[in-house]
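Accompanying notes for the structure given below.
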């Protein structure tokens, strides 16, 4: 049994290393093609239908019946639960000052902030940082490798997906009983979706091909986060004469 | 000794004479680029403040001249359509340009439909290599939350400073539209793209009572 676990661990490790080596020479600002477009579009369609018929209506109802102050508290609570993952990735990216600040933030909000429902830390200058394992890999120079749409999760990539596991394992909620974890997980999903209602309205209004629109927005948002809000600005127009397939980057 | 002093003073004098001039000359395009963005922002705030009395149609009429004047639509259209541009006729180019610029104005008229104390502020004006100038601005909402809006401004074909791209919190409008629109051309063809654009415009024109 122990051996199996070790083997599994080694397997995952080897895959990660292979992925990293494969991605090492890739510029994180270069948007690649979409090798799994067929599968991705199918999952996108599935997620979209699920969202349209169940998740979005529930989120809209939730916004109607819950005052803003409660929703802010819920958002704060789940942000606080993400803190250990943020701190680990601060360290992995060599941002030690930020790791120290985020630790102070986690302690402050967990205690004075009543288990994270309030955010007194932001008031005292310890603002929230968004870090995850995908950003760490990006910071280390890895490209996205391949764009992925994951059922129930949404837009993602080979580089970013491992964070789904580490962020879950590093959330204190993971170690609570299932009786607590399950309803809280559902609340987190609905609250997160509620926070995205404006963004999804823009997609609905503006996108001609929502799949392509969301993919591009996801990729750019990831680059923005990898570079902590200051991505290199590139203006590379496609070569109109040769019809080169090179993708346009304008950041 | 005195000679040295004299020449030094002369040099200083000369420097003092020229110093205020040269940076000002360099700042000229930066000011023009900044003006383009700030005039657009002023118009948006004005329309937001009068949004309910204007209604969608009124906002559209107010914004059309300023939006048309602020953006370099011919350059934008070429970049968005990308490698398909060369495969289209002049007539197609004109039809796309027309639909796209109308859709852009309609989008502004539809989104800036209320005023809740928002303000725009210019944070920095940064010349890039080549002729591009990035005007970094922020849209500050009443609750203090900030949307970063970076404008890429460059001279158009006839030498006017025009906005080429808007980057909102790191997401480039130009790349987004390029990805979105070329996917439609690739999968469904150019006529489908044009039909979708016109469909969007008419949807904005009859929103839920706004």
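No lab work stands behind these numbers, since they all come straight from the coordinates. Remember, predicted model here, so these are calculated numbers, not experimental data. A quick note on method: Cβ atoms are made from the backbone with ideal geometry, for glycine too, and the neighbour counts reach across all protein chains shown.
Run the quick spin-label model on residue A:152 and residue A:48: label points 7 Å from Cα toward the beta carbon, then report their separation in nm to one decimal.
2.2
Which peptide among A:64-76, B:95-107 comes first, and what is the full order, when sorted by highest mean count of other Cβ atoms within 10 Å?
So the order, starting with the most tightly packed, is B:95-107, A:64-76.
List, largest first, the extents of the alpha carbons of chain B along their principal axes, each in whole Å.
Principal-axis extents of chain B (Cα, largest first): 82, 44, 27 Å.
Along Cα→Cβ, 7 Å out, is where each label goes; now give me the distance between the ones at residue B:129 and residue A:204 in nm to one decimal.
Once both label points are built, they end up 4.4 nm from each other.
Can you put A:45, B:136 in order, fewest other beta carbons within 10 Å first? Please list the in-between numbers first.
Values: A:45 12, B:136 16.
Neighbour counts put them in this order, fewest first: A:45, B:136.
Using a cut-off of under 18 Å, list every residue of the stretch B:149-184 whose amide N is near the label point 7 Å from the Cα of residue B:30 along the Cα-to-beta-carbon line.
In the stretch B:149-184, the label zone of residue B:30 (backbone N under 18 Å from the point 7 Å along Cα→Cβ) covers B:150-155, B:161-162.
Over all residues in A:196-206, what is the mean tally of Cβ atoms on other chains that come within 10 Å of each residue's Cβ?
Mean inter-chain Cβ contacts per residue within 10 Å come to 2.
Just tell me how shielded B:163-171 is by partners: mean number of partner chain Cβ atoms within 10 Å of each residue's Cβ, no decimals.
Mean shielding count: 5.
Assign one of three labels to the stretch A:161-203, namely rounded, prolate or oblate, based on the Cα gyration tensor with a ≥ b ≥ c the square roots of its eigenvalues; rounded applies when a/c is under 1.5, prolate when it is not and a/b is larger than b/c, and oblate otherwise. Kindly include the intermediate steps, with their values, before the conclusion.
Numbers: a/c = 4.22, a/b = 1.67, b/c = 2.52.
Since a/c reaches 1.5 but b/c is at least a/b, the shape of the stretch A:161-203 is classed as oblate.
Residue A:127 to residue A:168: FRET efficiency via 1/(1 + (r/R0)^6), r the Cβ-Cβ distance, R0 22 Å, to the nearest 0.05?
Values: r = 25 Å, r/R0 = 1.12.
It comes to 0.35.
Quick one: if you stick a label point 7 Å off each Cα along the C-beta vector at residue B:122 and residue B:98, how many nm between them?
3.5
Taking the Cβ of each residue in A:200, B:202, B:70 as the centre, tally the other Cβ atoms inside 10 Å and list the residues starting with the fewest.
Exposure proxy ranking, most exposed first: B:202, A:200, B:70.
Can you tell me which of B:151-159, A:177-185, A:142-150 comes out highest on packing, and rank the rest after it, using the mean Cβ neighbours within 10 Å? The partial results should precede the final answer.
Details: B:151-159: 16.9, A:177-185: 11.3, A:142-150: 21.4.
Packing order, densest peptide first, comes out as A:142-150, B:151-159, A:177-185.
In whole Å, what is the distance between the alpha-carbon centres of the stretch A:116-189 and the stretch B:27-85?
Cα centroid to Cα centroid, the span is 37 Å.
Within a 10 angstrom radius of each residue's Cβ in A:221-228, how many Cβ atoms of other chains show up on average? Whole number is fine.
Mean shielding by partner chains, rounded to a whole number: 2.
For the peptides B:34-40, A:35-41, what is the packing order when you average, over each peptide's residues, the other Cβ atoms within 10 Å and list the highest mean first?
Descending mean neighbour count gives B:34-40, A:35-41.
Would you mind ranking A:140, B:85 by Cβ crowding within 10 Å, fewest neighbours first?
So the ranking, lowest neighbour count to highest, is A:140, B:85.
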